[in-house]
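Contents: one structure, followed by commentary.
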Amino acid sequence: MATLEEKEDSGITPGGDSGAFRDVLSTEHARRGKPPVHLADLDGEGRKEVCSRLGVPSFRAKQLANHYFAHLSTDPADFTDLPAGQRETLAQAFFPPLITEVTRQEADRGTTIKTLWELFDGSRIESVLMRYPNRATLCISSQVGCGMGCPFCATGHLGLTRNMSAGEILEQVRVAAAMMRDGQVAGGQGRLSNVVFMGMGEPMGNYRAVMSAVRQISALPPRGFGISARNITVSTVGVVPGIRKLAKEGIPVRLAVSLHAPTDGLRDELVPMNRRFNTTQVLDAAHDYYLASGRRVSIEYALMRGINDQAEHARTLARRLNHYGDDWVHVNPIPLNPIEGSRWTASKPEDEERFLQILHSNGIAATMRDTRGSDIDGACGQLAARVGNRSGSR
Ligand code: SF4
């Protein structure tokens with residue numbers, strides 16, 4: 001008989017309005033097993049246990065954490081402060097390879113780099129590094145696929161294969177931070193300054209691992225990478241209990257809500273999760289998050305031709321956001337990244353322009369989202385599935 005915890009981890013939840021929202025997980029999930037345990041998956045006690053199993057003093061784990069978080073290294077050759085005979089064993093125990101590069105694509109003269117990664121079970125995920133004059137942002141994945149089933153979205157069509165571990169999530173960050181530090185991104189040496197959970201997956205569906213990753217991204221070395229929590233964005237399609245839980249964490253990350261429609265009738269069709277948590281519940285929770293964190297909430301809105309991009313939609317959106325007061329929200333409309341042959345396609349430029357103007361004239365801060373790499377930075381996970389993703393194929 002499975003314990004409650006095992007049930008939660010199996011991803012099979014009974015639905016309703018609480019729980020981990022993994023009830024649409026692929027049936028393949030269980031047989032894939034769990035990724036190898038990594039230093040980032042272990043708390044202090046867990047790290048000590050591994051050290052004692054290997055017969056090494058527990059301070060070795062601290063030295064390894066320093067190599068990982070401060071020096072961004074998992075290479076035993078760098079562990080010169082450790083006894084030579086133990087370096088390999090410790091690296092194998094704490095840093096099993098979790099992500100392997102499959103392909104890398106560059107755009108925007110080398111300032112945008114999309115990497116396709118293979119995980120231990122053959123699943124594939126992506127991350128995208130985008131360098132701007134004053135910052136470098138990494139968009140990362142937190143689940144393999146996405147179970148939210150938005151019909152216009154390529155990742156949604158893949159379904160959800162499994163949750164990623166904190167180690168798998170953090171490895172995307174470590175590699176990108178090292179690329180920036182080592183000058184591998186056009187523009188010379190620099191620093192990874194921002195992380196957004198807008199790659200594959202619904203972060204709230206993998207809450208525990210995502211929060212562990214957020215803590216370790218933001219903590220100072222040797223406990224984390226030292227990227228300010230204020231520069232981390234956690235997105236959600238509107239999983240209200242997740243938003244409320246996040247508000248209680250007291251970590252000032254930015255919240256991004258993928259709204260995509262201003263009314264329940266339309267959003268029920270575009271974002272199936274709306275039937276569980278409707279627009280009023282989602283906006284209430286988003287506004288409460290603003291009150292609790294003092295951080296302006298981002299509203300992501302993929303503009304689809306003739307579906308949600310008309311003047312009436314912009315006016316309704318502005319009215320609904322203004323209902324909560326001024327200056328609490330920033331809207332990012334983004335032209336849809338369409339799936340070939342789908343009836344959902346990108347808006348006409350003049351409709352995008354009008355949408356933005358209506359928001360502005362109603363006092364709503366809004367910026368048309370940069371479509372870096374032309375098609376690789378979609379709203380909430382749309383970025384994936386375009387380069388031969390074969391998650392679910394094993
Ligand atoms: S639009 Fe976002 S939430 Fe919806 S299926 Fe795609 S990745 Fe998931």
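Summary of values
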{"read-out": "Residues located in the stretch 19-43, provided they are modelled with pLDDT of 95 or more and assigned to a helix (DSSP H, G or I)", "value": "LEU39, ALA40, ASP41"}
{"read-out": "Flag for ARG87 being touching a residue at least 12 places away in the same chain (Cβ under 8 Å) and of a type in the set (D, E, K, R)", "value": "no"}
{"read-out": "Which numbered condition GLN184 misses (of (1) within 16 Å of the ligand (Cβ to nearest atom); (2) in contact with a helix residue (DSSP H, G or I) (Cβ under 9 Å, 6 or more places away or on another chain); (3) not in a strand (DSSP E or B))", "value": "(1)"}
{"read-out": "Index of the failed condition, VAL282 passing every other in (1) farther than 26 Å from ILE227 by Cβ; (2) touching a residue at least 12 places away in the same chain (Cβ under 8 Å); (3) away from the ligand (no atom under 15 Å from the Cβ)", "value": "(3)"}
{"read-out": "Hits in the stretch 125-143 (condition: within 15 Å of the ligand (Cβ to nearest atom), within 23 Å of ALA178 (Cβ to Cβ) and not acidic (Asp, Glu))", "value": "ILE125, SER127, VAL128, CYS139, ILE140, SER141, SER142"}
{"read-out": "Single residue of GLU49, GLU106 found to be surrounded by fewer than 21 Cβ atoms within 10 Å (Cβ to Cβ), of a type in the set (D, E, K, R) and in a strand (DSSP E or B)", "value": "GLU106"}
{"read-out": "Matching residues in the stretch 199-242 - criterion: being among the β-branched types (Val, Ile, Thr), assigned to a loop (DSSP other than H, G, I, E, B) and within 16 Å of the ligand (Cβ to nearest atom)", "value": "VAL237, VAL239"}
{"read-out": "Any hit, the stretch 239-255, residues being within 13 Å of the chain's Cα centre (by Cα) and closer than 27 Å to HIS313 by Cβ", "value": "yes"}
{"read-out": "Long-range neighbours under 8 Å by Cβ, at least six apart or interchain, first residue more than 24 Å from ALA256 (Cβ to Cβ) within the stretch 186-199, second modelled with pLDDT under 95 and in a loop (DSSP other than H, G, I, E, B)", "value": "ALA186/THR111; GLY187/THR111"}
{"read-out": "Among (1) touching a Phe, Trp or Tyr at 6+ places or on another chain (Cβ under 7 Å); (2) of a type in the set (Val, Ile, Thr); (3) buried (at least 23 other Cβ atoms within 10 Å of the Cβ), the one test that THR233 misses", "value": "(3)"}
{"read-out": "Residue within the stretch 135-145 that is touching a residue at least 12 places away in the same chain (Cβ under 8 Å) and over 14 Å from the mean Cα position of the chain (by Cα) present", "value": "yes"}
{"read-out": "Which numbered condition THR111 fails, given (1) farther than 24 Å from GLY33 by Cβ; (2) within 16 Å of the ligand (Cβ to nearest atom); (3) hydroxyl-bearing (Ser, Thr, Tyr)", "value": "(2)"}
{"read-out": "Residue satisfying all of: in the stretch 149-164; more than 6 Å from the ligand (Cβ to nearest atom) and of a type in the set (S, T, N, Q); surrounded by the fewest Cβ atoms within 10 Å (Cβ to Cβ) among these", "value": "ASN163"}
{"read-out": "Filter result (closer than 18 Å to PHE197 by Cα, crowded, with 22+ Cβ neighbours inside 10 Å and either away from the ligand (no atom under 16 Å from the Cβ) or not assigned by TED's automatic domain parsing to the domain that holds VAL282 (or both)) within the stretch 243-270", "value": "LEU246, VAL253"}
{"read-out": "Index of the failed condition, SER298 passing every other in (1) crowded, with 17+ Cβ neighbours inside 10 Å; (2) closer than 24 Å to GLY149 by Cα; (3) more than 18 Å from the chain's Cα centre (by Cα)", "value": "(3)"}
{"read-out": "Qualifying residue in the stretch 117-127 (condition: part of a helix (DSSP H, G or I) and farther than 20 Å from LEU192 by Cβ)", "value": "no"}
{"read-out": "Matching option when the condition is at pLDDT 95 or above and in the same structural domain as LEU255 (by TED's automatic domain parsing), among ARG162, ARG174, ARG124", "value": "ARG174"}
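The rows are residues; the columns are (1) under 25 Å from LEU246 (Cβ atoms); (2) of a type outside the set (Gly, Ala, Ser); (3) modelled with pLDDT under 90.
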position	(1), (2), (3)
ARG295	yes, yes, no
TYR301	yes, yes, no
ARG315	no, yes, no
VAL329	yes, yes, no
PRO335	no, yes, yes
GLU350	no, yes, no
SER361	no, no, no
GLY378	yes, no, yes
SER391	no, no, yes
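The values are calculated or read from the model by the stated rules, or taken from the named source; none is laboratory data. Given the structure is predicted, the values throughout are model-derived calculations rather than measurements. Every residue, glycine among them, receives a Cβ derived from its backbone with ideal geometry; neighbour counts consider all protein chains shown.
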